[in-house]
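Before any comments, here is the structure.
What follows draws every value from the coordinates through simple rules; no lab data is involved. Keep in mind the model is a prediction, meaning the values are calculated, not measured. Glycine also receives a Cβ, built like all others from the backbone with ideal geometry; neighbour counts cover every protein chain displayed.
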């Protein structure tokens, strides 16, 4: 599709004057009139579970929301998007990746950017238990990667009711984005992720004694080390490079055959240049690439008391006025 040359995002408020502030400050925004969730536990064939959070409007239309790394269904960007679609009468399904719902999952494996079996189970469950005529997938950061890869891998067998996919702030090329996370200016994000992930892996070590060598955390100097010691072996990859190649959405997006919107802000502090695939998208018949000059990572703020631009953009792309 032709690239979206001019984004409709008007820019961040004046006090969010760089990509870091545009990333961090929206996470503290107060939310109002948020529809309550109804939680359902989905048991998986491998003995594990996923916690699903629903807003059930008895609609024939459903939006499935996928969160980012170490996120969950209560993240402000998820809650806000849920509110936007619920106001339009849609059902909402915000699912939590393994270990992200507030209760540790049972199996050793956690989740990752390239793991698409679980979102497939979520979609199959929703279509099996309720009767939808239209389903839209929306993912943020890692959730965008999962949504894009799922759509590409399953292009030939995708349920017909899935009509559109939207991905915000998505690291479609993992190897290069990991390198960016290791830079000094991104130490804040790296520290927060590592602190949370270390706590989870420590709990996993207690759950499955002797399987994880938790002492390897002392050897982690950069993000690639973490993926080499933990992400790859826990999730069944040979090594970090194998993980990056098999998990990166860009390697599967060519097969996508439904309208898809990828929105990556130019000043996103944790996206590499390879995550703005202009030539690829320009020649793709179904993928629209929008690159606002500002917005940070999953930010896109319009001000303190205004819903984020991402909500309005998603509704617009789906065709909801």
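Please list, by residue number, everything in region 79-100 whose backbone N is under 17 Å from a paramagnetic label point 7 Å out along Cα→Cβ of residue 32.
80-81, 83-84, 87
With a point put 7 Å past each Cα toward its Cβ, work out how far residue 194 is from residue 155 in nm, to one decimal.
It works out to 3.9 nm between the two label points.
Pick out which of 118, 311, 46 has the largest mean-square fluctuation in a Gaussian network model of the chain, springs linking Cα atoms closer than 10 Å.
Sorting by GNM fluctuation, first place goes to 46.
Out of the DSSP beta bridges found with both residues in the chain, what percent are antiparallel (nearest 5)?
30
Using the number of other C-beta atoms within 10 angstrom as an exposure proxy, rank 55, 153, 172 with the fewest first. Present the calculation step by step, with values, prior to reporting the outcome.
Details: 55 21, 153 18, 172 27.
Taking fewest neighbouring Cβ atoms as first place, the list is 153, 55, 172.
Given the options 217, 140, 252, state which has the largest fluctuation in a GNM of the chain using a 10 Å cut-off (strictly under) for Cα springs.
So, out of 217, 140, 252, the one fluctuating most is 217.
Translational diffusion coefficient of region 37-107 at 4 °C, 1.567 mPa s, Stokes-Einstein with Kirkwood Rh over Cα pairs, in µm²/s as a whole number. Walk me through the intermediate numbers first.
Details: Rh = 12.5 Å.
Using the Kirkwood radius from Cα pairs, D works out to 104 µm²/s.
Would you mind telling me which residue in 212, 146, 119 has the biggest mean-square fluctuation in a Gaussian network model of the chain, where springs connect alpha carbons within a distance under 10 angstrom?
Maximum among the listed residues: 212.
How do 260, 163 line up, fewest other C-beta atoms within 10 Å first?
Exposure proxy ranking, most exposed first: 163, 260.
When 208, 125 are ordered from fewest to most other Cβ atoms inside 10 Å of their Cβ, what list results?
Placing the least packed residue first, the sequence is 208, 125.
How much FRET efficiency would the formula 1/(1 + (r/R0)^6) give for residue 202 and residue 21, where r is the Cβ-Cβ distance and R0 is 41 Å, rounded to 0.05?
On the way: r = 32 Å, r/R0 = 0.78.
So the FRET efficiency works out to roughly 0.80.
Which percent of the Cα-Cα distances in region 11-139 go past 26 Å?
26
Rounded, prolate or oblate for region 175-247? Axes are the square roots of the Cα gyration tensor eigenvalues, ordered a ≥ b ≥ c, and the cut-off for rounded is a/c under 1.5.
In terms of gyration-tensor shape, oblate.
Is region 220-309 best put as rounded, prolate or oblate by its Cα gyration tensor, with a ≥ b ≥ c the root eigenvalues, rounded for a/c under 1.5, and otherwise prolate when a/b is larger than b/c, oblate when not?
Judged from the Cα gyration tensor, region 220-309 comes out oblate (a/c at least 1.5, b/c at or above a/b).
Sort out for me the Cα centre separation of region 94-126 from region 242-276, rounded to whole Å.
20
Using alpha-carbon positions, what is the distance between the centroids of region 20-91 and region 148-219, in Å?
Cα centres, region 20-91 to region 148-219: 19 Å.
Between residue 238 and residue 56, what is the spin-label point distance in nm, taking each point 7 Å from the Cα along the Cα→C-beta axis?
With each label point 7 Å from Cα toward Cβ, the separation is 4.7 nm.
Over region 93-135, with a single point scatterer placed on each C-alpha, what log10 of the ratio I(q)/I(0) does the Debye formula yield at q = 0.24 1/Å?
Evaluating at q = 0.24 Å⁻¹ gives log10 I(q)/I(0) of -0.92.
Taking 0.36 nm per residue of sequence separation and subtracting the Cα-Cα distance, how much length would be gained by fully extending the chain between residue 39 and residue 88, in nm to one decimal?
15.5 nm
Hey, if you drop one equal point scatterer on each alpha-carbon of the chain and run the Debye formula without solvent, what base-10 log of I(q)/I(0) do you get at q = 0.07, 0.10, 0.15 Å⁻¹?
Calculated log10 I(q)/I(0) at the listed q: -0.25, -0.53, -1.30.
Suppose only helical runs count, i.e. DSSP H with n ≥ 4. What mean residue ellipticity at 222 nm does that imply for the chain under -39500 (n - 2.57) per run, divided by all residues and rounded to the nearest 500 deg cm²/dmol?
-9000 deg cm²/dmol
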